[in-house]
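K.L.:
I'd like to ask you about the structure that follows.
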Amino acid sequence: MPRIKTYDRIIQASLELFNEHGERAITTNHIAAHLGISPGNLYYHFRNKEEIIYQIFLQYRSFMQTRLSVPGNVQIEASDMLKYLDTAFHGMWKFRFMFYDLPGLLARNEKLAEAYQKFVREEIIEILTRLFREFVKLSFIQANDDEIDTLVVNCWIIVKFWFAFQQTANPKDPITEETSKRGVRQVLALLRPYVTETYKPLFSQIEGAFRSAQSNWDH
């Protein structure tokens, strides 16, 4: 099995440490010590912590682009809503440190802020809008364009700030995968009034999947 390059090991270890302790609590010296390398070796690959965080964001962006993209040659089905919601919150869990204090993180990293804002503005909003329009075509949900625009923004607000809200509302409770699943249920509550009569039984099954099923996400 090929050895992981030091560059990639730094990114992987940083993500683990940031997720466990929060980004602000971790310095480049902590990362180097965790990996058993010298700070100089780390600085050979990254000038500062902000560069590491930016590369982690690029991984998050790639994850979301790949998992949320609407296939051009495959017919989307109503049951795919579960997959897309699972993906959105899986990404949030896998890269969760980014969502603990996203405004603060962006304020401290101009390059990251520009890339993140462009990603949301030009990709995420467009992808979610296309998804909801596909669900309207299937008669899964009934919504006009204005309602779709509102749903897209409200859903993304929940995804973006769910962990921060949970930390504020329940500061003594650790963030877990179950916390993410509660976020999915919150999004589903937003969508429930728009579900057509025909698909209400399926929608109830989707809701049930996030009430009782154990997560099978990769760690």
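K.L.:
When the residues of segment 163-202 are filtered to those that are touching a Phe, Trp or Tyr at 6+ places or on another chain (Cβ under 8 Å) and aromatic (Phe, Trp, Tyr), which remaining residue is farthest from Ala78 (Cα to Cα)?
P.N.:
Phe163
K.L.:
Here is a follow-up. Restricting attention to segment 14-59, which residues are aromatic (Phe, Trp, Tyr), under 16 Å from the mean Cα position of the chain (by Cα) and buried (at least 18 other Cβ atoms within 10 Å of the Cβ)? So that I can check it myself, show each step before the final result.
P.N.:
Of the residues in segment 14-59, the ones aromatic (Phe, Trp, Tyr) are 18, 43-44, 46, 54, 57.
Then keep just the ones that are under 16 Å from the mean Cα position of the chain (by Cα); that gives 18, 54, 57.
The answer is Phe18, Phe57.
K.L.:
Does Glu134 satisfy being over 19 Å from the mean Cα position of the chain (by Cα) and of a type in the set (D, E, K, R)?
P.N.:
Working: over 19 Å from the mean Cα position of the chain (by Cα): yes; of a type in the set (D, E, K, R): yes.
Judged against the criteria, Glu134 is a match.
K.L.:
Yes or no: segment 65-74 includes at least one residue that is of a type in the set (A, V, I, L, M) and modelled with pLDDT of 85 or more. Before the answer, list the steps.
P.N.:
Here is the first cut: in segment 65-74, the ones of a type in the set (A, V, I, L, M) are 68, 70, 74.
Filter once more, so that each one left must be modelled with pLDDT of 85 or more: none.
Looking for residues that are of a type in the set (A, V, I, L, M) and modelled with pLDDT of 85 or more, one finds none in segment 65-74, hence no.
K.L.:
Is it the case, given these coordinates, that Glu147 is at pLDDT 95 or above, in a helix (DSSP H, G or I) and either closer than 27 Å to Leu15 by Cβ or out of contact with any strand residue (DSSP E or B) (no Cβ under 6 Å at 6 or more places or on another chain) (or both)? Spell out the reasoning first.
P.N.:
On the way: at pLDDT 95 or above: yes; in a helix (DSSP H, G or I): yes; either closer than 27 Å to Leu15 by Cβ or out of contact with any strand residue (DSSP E or B) (no Cβ under 6 Å at 6 or more places or on another chain) (or both): yes.
So Glu147 fits the description; yes.
K.L.:
Out of all the residues in segment 1-22, which are modelled with pLDDT under 95 and acidic (Asp, Glu)?
P.N.:
Glu20, the sole residue that qualifies.
K.L.:
Sticking with this structure for a sec: Could you list, ordered by first residue, the pairs with Cβ atoms under 7 Å in which the first is in segment 159-182 and of a type in the set (Asp, Glu) and the second is outside any loop (DSSP other than H, G, I, E, B) and crowded, with 16+ Cβ neighbours inside 10 Å, at least 6 apart or interchain?
P.N.:
Within 7 Å, the pairs are Glu177/Trp93.
K.L.:
Looking at segment 98-112, is at least one residue farther than 28 Å from Ala25 by Cα, of a type in the set (D, E, K, R) and modelled with pLDDT of 85 or more?
P.N.:
no
K.L.:
Follow-up. Do the conditions hold for Arg121, that is, is it within 14 Å of the chain's Cα centre (by Cα), of a type outside the set (Phe, Trp, Tyr) and under 28 Å from Phe140 (Cβ atoms)? Talk me through it step by step, then tell me what you get.
P.N.:
Values: within 14 Å of the chain's Cα centre (by Cα): no; of a type outside the set (Phe, Trp, Tyr): yes; under 28 Å from Phe140 (Cβ atoms): yes.
Judged against the criteria, Arg121 is not a match.
K.L.:
Moving on to the next point. For segment 7-100, which fully contained helices (runs of 4 or more DSSP H) count at least 2 residues that are among the hydrophobic types (A, V, I, L, M, F, W, C) and touching a helix residue (DSSP H, G or I) at 6+ places or on another chain (Cβ under 9 Å)? Explain how you work it out, then say what you get.
P.N.:
Values: elements: 28-35, 39-45, 49-68, 80-94, 97-100.
Those helices (runs of 4 or more DSSP H) span 28-35, 49-68, 80-94, 97-100.
K.L.:
Would you mind stating whether Arg185 is at pLDDT 85 or above and within 18 Å of Thr87 (Cβ to Cβ)? Break it down into steps so the answer makes sense when it comes.
P.N.:
Working: at pLDDT 85 or above: yes; within 18 Å of Thr87 (Cβ to Cβ): yes.
Yes, satisfied.
K.L.:
Taking segment 71-128 as the search range and keeping residues that are small (Gly, Ala, Ser) and crowded, with 20+ Cβ neighbours inside 10 Å, which one is farthest from Tyr54 (Cα to Cα)?
P.N.:
Ala88
K.L.:
Further question on the same structure: Going residue by residue through segment 102-118, is there one that turns out to be within 20 Å of Val187 (Cα to Cα) and of a type in the set (Phe, Trp, Tyr)? Outline the logic, then answer.
P.N.:
Applying the first criterion (within 20 Å of Val187 (Cα to Cα)) to segment 102-118 yields 102.
If we keep only those that are of a type in the set (Phe, Trp, Tyr) as well, we get none.
There is no residue in segment 102-118 that is within 20 Å of Val187 (Cα to Cα) and of a type in the set (Phe, Trp, Tyr).
K.L.:
Note down all Cβ pairs under 9 Å where the first residue falls in segment 19-36 and is at positive phi, the second is among the hydrophobic types (A, V, I, L, M, F, W, C), and they're at least six residues apart or on different chains.
P.N.:
Sorted first by the residue in segment 19-36, then by its partner, the pairs are Gly22/Phe97.
K.L.:
While we're here: Quick check on segment 134-149. Is at least one of its residues more than 25 Å from Val195 (Cα to Cα) and touching a helix residue (DSSP H, G or I) at 6+ places or on another chain (Cβ under 7 Å)?
P.N.:
Initial filter on segment 134-149 (more than 25 Å from Val195 (Cα to Cα)): none.
Looking for residues that are more than 25 Å from Val195 (Cα to Cα) and touching a helix residue (DSSP H, G or I) at 6+ places or on another chain (Cβ under 7 Å), one finds none in segment 134-149, hence no.
K.L.:
Oh, and also: Scan segment 150-173 and tell me whether some residue there is under 27 Å from Thr196 (Cα atoms) and in a loop (DSSP other than H, G, I, E, B).
P.N.:
Looking for residues that are under 27 Å from Thr196 (Cα atoms) and in a loop (DSSP other than H, G, I, E, B), one finds none in segment 150-173, hence no.
The values are calculated or read from the model by the stated rules, or taken from the named source; none is laboratory data. In this text, all values refer to a predicted model and were calculated from it rather than measured experimentally. Neighbour counts run over all protein chains shown; Cβ positions are idealised from the backbone, glycine included.
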